[in-house]
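Have a look at the structure below, then the notes.
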Amino acid sequence: MKKGHNENGVPVVEEMKREIFATVRSVTRSEFWEAHRNGIELSIAFEVFKEDYQKERVIEYDEERYRVEHIRQLSADRLELNCSDKVA
């Protein structure tokens, strides 16, 4: 994401896309229900290399957009991104 201002001085955010490799996973039942209790509907999880993830809040996969709701460290070099399909 790139932040700046337009010609009128109004703040704008420009979305930038990049491609990384990820393993698509299902959200576990316990993660799903714990999030559900907090009003979040998890729908998908992605396992990525830690060095590839740059704190993006929105992920596009298979022409669908997902919001990153929770990040879990799986190992020294892998993260799991639990996502909902509610993109603000």
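The values are calculated or read from the model by the stated rules, or taken from the named source; none is laboratory data. Keep in mind that this is a model prediction, so the values were computed, not measured. Positions of Cβ are backbone-derived with ideal geometry, glycine not excepted, and every protein chain shown enters the neighbour counts. Just so you know, the surface numbers come from the protein's heavy atoms only, side chains and all, with ligands and any DNA or RNA stripped out. Shrake-Rupley method; radii C 1.70, N 1.55, O 1.52, S 1.80 Å.
Could you work out the relative contact order of the chain, using alpha carbon pairs under 8 angstrom and six or more residues apart, expressed as a whole percent?
Over the chain, the number comes to 23 percent.
Given a 1.4 angstrom probe, I'd like the percentage of the accessible area of the chain that is carbon and sulfur, rounded to a whole number.
Ligands and nucleic acids excluded, carbon and sulfur reach 49 percent.
Measuring from label point to label point, each 7 Å out along Cα→Cβ, what is the V68 to K50 span in nm?
It is 1.4 nm.
Let me know the charge dipole size of the chain about its Cα centre in debye, to the nearest 20, where only the beta-carbon of Lys, Arg (+1) and Asp, Glu (-1) is charged.
Roughly 320 debye, rounded to the nearest 20.
Over the chain, with the other protein chains present, what is the accessible area per residue in square angstrom, probe 1.4 angstrom?
For the chain, the solvent-accessible area averages 78 Å² per residue.
Need one word for region 1-43: rounded, prolate or oblate. Basis is the Cα gyration tensor (sqrt eigenvalues a ≥ b ≥ c); a/c below 1.5 gives rounded, then a/b vs b/c decides.
Oblate.
Only sites in a loop by DSSP and with at most 12 other Cβ atoms within 10 Å count here; which chymotrypsin sites (Phe, Trp or Tyr not before Pro) in region 4-88 make the cut?
Within region 4-88, the qualifying chymotrypsin sites (Phe, Trp or Tyr not before Pro) (loop, at most 12 other Cβ atoms within 10 Å) are F21.
May I ask for the longest run of the chain untouched by trypsin sites (Lys or Arg not before Pro) that are loop-located per DSSP and have at most 14 neighbouring C-beta atoms (other than their own) within 10 Å?
With trypsin sites (Lys or Arg not before Pro) excluded where exposed in loops, the chain gives 19-54 as its longest stretch.
Return the label of the correct value of percent of Cα pairs over 19 Å apart, as calculated from the structure shown, out of (i) 45; (ii) 29; (iii) 56.
Only one option fits the structure, namely (i).
For the chain, what does the helix formula give at 222 nm: sum of -39500 (n - 2.57) over DSSP H segments with n ≥ 4, over the residue count, nearest 500 deg cm²/dmol?
-3000 deg cm²/dmol
If the chain between E34 and N6 were fully stretched, how many nm would it gain, using 0.36 nm times the residue separation less the Cα-Cα distance?
That works out to 5.9 nm of additional length.
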